[in-house]
Amino acid sequence: MKNKEHGQVEAGPDLPLEDSARRRGLTRGQVVAVGTLVAVLLIGALAAPGTTASVIVWSGWVLFCWMAVFRAAACLLSLVPAPVSPAPAQWPAYTVVAPLRGEAEVVAGLIAQLDALDYPRDRLQGLILVEPDDPETGAAAFAAPRPDWIEVRVAPPGEPRTKPRALNVALGWATGALITVYDAEDAPDPGQLREAAARFAAADRTLVCLQAPLRIRTRGGARESFVHGQFAAEYAALFEILLPALARLGWPFPLGGTSNHFRAEALRRAGGWDAWNVTEDADLGFRLWRKGYRLGVLTLPTWEPPPADVAAWVPQRTRWLKGYMQTLGVQLRHPLALGWRGMLALTFTLIQTLLAAALYAVTAAWTVWLLALWVVTGLPPLAPFGGFVTVAAGIISAWLACAVGCRRAGRPYGWKLMLSAPGYWALQSLAMAHAVVRLVHQPFAWDKTPHGLADVAVHTRAAPLDEGPAPALGGAGAPARRLPVPAHHPRVGGLRAARQRRRAQA
């Protein structure tokens, strides 16, 4: 739909309420399922409390042990190499979208990263979206030099003011047969678009999404903190191990929030992004599966900075967990449409993450208490054997996935990271508690992560990812230019105060 006054697209494709997190609460089928489960547990607790408790405990142990086994098996499944596809006869038109909000200081670096992409310039459309209530970022984006194929547009006013809504707006403007999304602080491998285009050209039309691996790095020379190392290992386990394993099995998986590449027409048919889900990426991966499509993974990565510290990590993780709960609620409205493979994938990703986050701190406290009693009294703890086996299996499989994933991502994973990992995992329970509260009181609030450690060194094919000079912004067929700032945007001089505020927050 067009805005008659400004000629802008008002919104992207609308999802049915049944497929959106905008609908809050349980459906009738979910109420019946939850009510039946509660009734069975109550009857069991009254009739045979000991047996019922044992069944619940042993079911939990078995579930977590199977999750640990799957995580270990994923290390082997992910060894299967991704297919190598020949270049197509003609490179398809490609739309690159970068939604920005509160990111004036990284606009120039983003444009440099996009201009370093190795793809025919006459086949590219770049859309940098800024919000009407963010004049600092808008001024910086309009003032920044950029190649002819990249344009800056202002999203029309509307609700909710979230990243997925901006992506839907961009989808309405997109002209490419393929479309990808990058965040402001991303540094994608220059060959990523060519790899994705070749894979799509060689595959059948059911393959509609390819996820690039996301890897973490800090600014060159910066010392990595506890959060940086653990966050990088967590990303390595997810994007180098779990998602490739699920892709090899032909199962769905939650997408990352960036560097996912789509067939634009299939994305429109699926309804675009859910503007009301704060982890729209996770939701979209499973919704595409329910629509009969397939997902895959790429080999060429995108580099991202980690959260600056725990104060920045907690809001980000809170939003992720809140969004996972939203996504789980939406996807379980259609359990039969997911099928057994979709349900298993949902269990090994979102359900496992939520259950583990809820139990990490409790499990850690229980383990420390029992070990402390052992040290003080000299007597071995009288604890269930199954409980210790479950905890040990979970820790060992997590260490294994992190170690193998870090090796593939080119990162170290030594004993210091291993021994400090349980402390990092326990922090997730804090974020989980916040997520539950926010889901009830602020379900659609979007916690923005500051980019205090962004590394804006531009990638080139001839130099290592962490080295090499930035190429000139202009290239053959893509001269740099500076467009005038529109009259309704403040001048760039207003950026200093915004930058100072963000540094104070970081």
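None of the figures in this text is laboratory data; all of them are computed from the coordinates on show. Quantities reported herein were computed from a predicted structural model and do not represent experimental measurements. Positions of Cβ are generated from backbone atoms using ideal geometry, with glycine treated the same way; all protein chains shown enter the neighbour counts.
Figures for the structure shown
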quantity: Simple label model, 7 Å out from Cα along Cβ direction - residue 392 to residue 291, nm; calculated: 4.7
quantity: Under-5 Å amide H pairs with residue 124, H placed in peptide plane, nonlocal only; calculated: 94
quantity: Phi-based couplings in Hz for the stretch 413-427 (Karplus 6.51, -1.76, 1.60; Gly and Pro marked x); calculated: 9, x, 5, 5, 5, 5, 6, 8, 4, x, x, 5, 4, 5, 4
quantity: Residues with amide H under 5 Å from that of residue 208, placed H, sequence gap 5 or more; calculated: 294
quantity: The stretch 265-395: equivalent-ellipsoid semi-axes (sqrt of 5 x gyration tensor eigenvalues, Cα, Å); calculated: 37, 19, 14
quantity: Nearest-0.05 FRET efficiency for residue 36 and residue 159, computed from C-beta distance (R0 45 Å); calculated: 0.80
quantity: Distance (nanometres) between label positions extended 7 Å along Cα→Cβ at residue 45 and residue 84; calculated: 5.9
quantity: From phi via Karplus (6.51, -1.76, 1.60), per-residue ³J(HN,Hα) for the stretch 360-366 in Hz, x at Gly/Pro; calculated: 3, 5, 4, 5, 5, 5, 4
quantity: Distance in nm between pseudo-label sites at residue 373 and residue 440 (7 Å out along the Cβ direction from Cα); calculated: 3.2
quantity: Residue-wise HN-Hα coupling along the stretch 143-154, computed from phi with Karplus coefficients 6.51, -1.76, 1.60 (Hz; x: Gly, Pro); calculated: 7, 6, x, 7, x, 4, 7, 9, 10, 9, 10, 9
quantity: Normalised contact order of the stretch 251-372, rounded percent, pairs of Cα under 8 Å and 6 or more residues apart; calculated: 32
quantity: Net charge of Cβ neighbours under 9 Å - reference residue 434; Lys, Arg +1; Asp, Glu -1; calculated: +3
quantity: Ranked by how many other beta carbons lie within 10 Å on average, peptides 49-56, 133-140 from highest; calculated: 133-140, 49-56
